[in-house]
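The values are calculated or read from the model by the stated rules, or taken from the named source; none is laboratory data. Since the structure is predicted, the reported quantities are computational estimates derived from the model, not experimental observations. All Cβ positions, even for glycine, are placed from backbone atoms using ideal geometry, and neighbour counts span all protein chains on display.
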Amino acid sequence: MTPSASEIKNPPSGAGDELLAIDCQELYYSFQEGLESALNGATLQLPRGARCLLVGANGVLYVYSGDIAIDEPTRSAGKSTLLRILAGKRLTKSRDCRILGQDVFMNPPNGVVYLGTEWSSNPVVRSDIVVSDFLDSVGGYRHKARRDRLLNILDVDLDWHMHQISDGERRRVQLCMGLMGEWDVLLLDEVTVDLDVLVRSDLVNFLVEESTVRKATIVYATHIFDGLRAFPTHICHLQLGATPTPLLTWDPADRTTELFDIALGWIRTDRDLRREKERAAGRARGAREETRDAKTFFEKYDYSH
């Protein structure tokens, strides 16, 4: 079930910004001037060593300008947009986003790693290059001990050719490449979706160790919650670009609530809200009344001209 207000705790405020690995408040972002914001006042504050699950519905909301529908979808939950802003890949007008105490736009800190799904479609990483050469080309030889550990965790064959392997195997190479340096903040955007259950479990254990031993901070957007009960220290609900629920501090030892149930409740609410907005704009998904007689059908799809 969705937690009540009494079950939700705020992140520690402590003595100030020095305790926070991520301090982003009231973030607004729009892909195009004059359209609704993809982020609409989102806030995320995390201490060093935190492991935060970013939860929100997939799917997009079609926005309207007056009575005119804009065909391109311009907003979803905002998870990917938020992660890219944290990585310094998108610029917000407010610029009120600090990572490790530094302005992510004006003075970006070292040690921030972003891993997203778009990497695997890059033609460069689909070229005929051997995995060992690929990893060395991005500095793998400088991180040999960590690289070798990740090669074992992710079950990667150094003799693979990048253009011959599957998307799941390519994803393992991406994770090895991104994690082999000693990062301080890790931003993961759905990158474990291609992994089998064993590799994913071993990777999650590695990430928990990194945050516990080195006080590294992780923000992880995912829709796969199996085996994650012991992973998060915090859970952030992102709803149509906003954070309507205070950051949830998660206690894996508390068996009164299930991670899946919390996520399911939030995402069901997100879907209902999106449907309301689409109906108000004259647009709806799902079944609808249609004329299926032959005359109307062939008039609609008349290819004779």
Residue list for the range 257-285, filter: loosely packed, with under 12 Cβ neighbours inside 10 Å, part of a helix (DSSP H, G or I) and among the aliphatic types (A, V, I, L, M):
280
May I ask you to verify whether residue 156 is free of Cβ contacts under 8 Å to residues at least 40 places away in the same chain, surrounded by 20 or more Cβ atoms within 10 Å (Cβ to Cβ) and in the same structural domain as residue 125 (by TED's automatic domain parsing)?
yes
Testing residue 57 on (1) surrounded by 17 or more Cβ atoms within 10 Å (Cβ to Cβ); (2) modelled with pLDDT under 80; (3) among the hydrophobic types (A, V, I, L, M, F, W, C); (4) assigned to a loop (DSSP other than H, G, I, E, B), one condition comes back false. Which one is that?
(2)
Could you list, in sequence order, the residues of the range 208-233 that are under 18 Å from residue 113 (Cα atoms), surrounded by fewer than 18 Cβ atoms within 10 Å (Cβ to Cβ) and within 19 Å of the chain's Cα centre (by Cα)?
208
Given the options 187, 195, 228, 207, name the one that is in the same structural domain as residue 98 (by TED's automatic domain parsing), hydrophobic (A, V, I, L, M, F, W, C) and part of a helix (DSSP H, G or I).
207
Given the structure, is residue 155 more than 19 Å from residue 183 (Cβ to Cβ) and under 24 Å from the mean Cα position of the chain (by Cα)?
yes
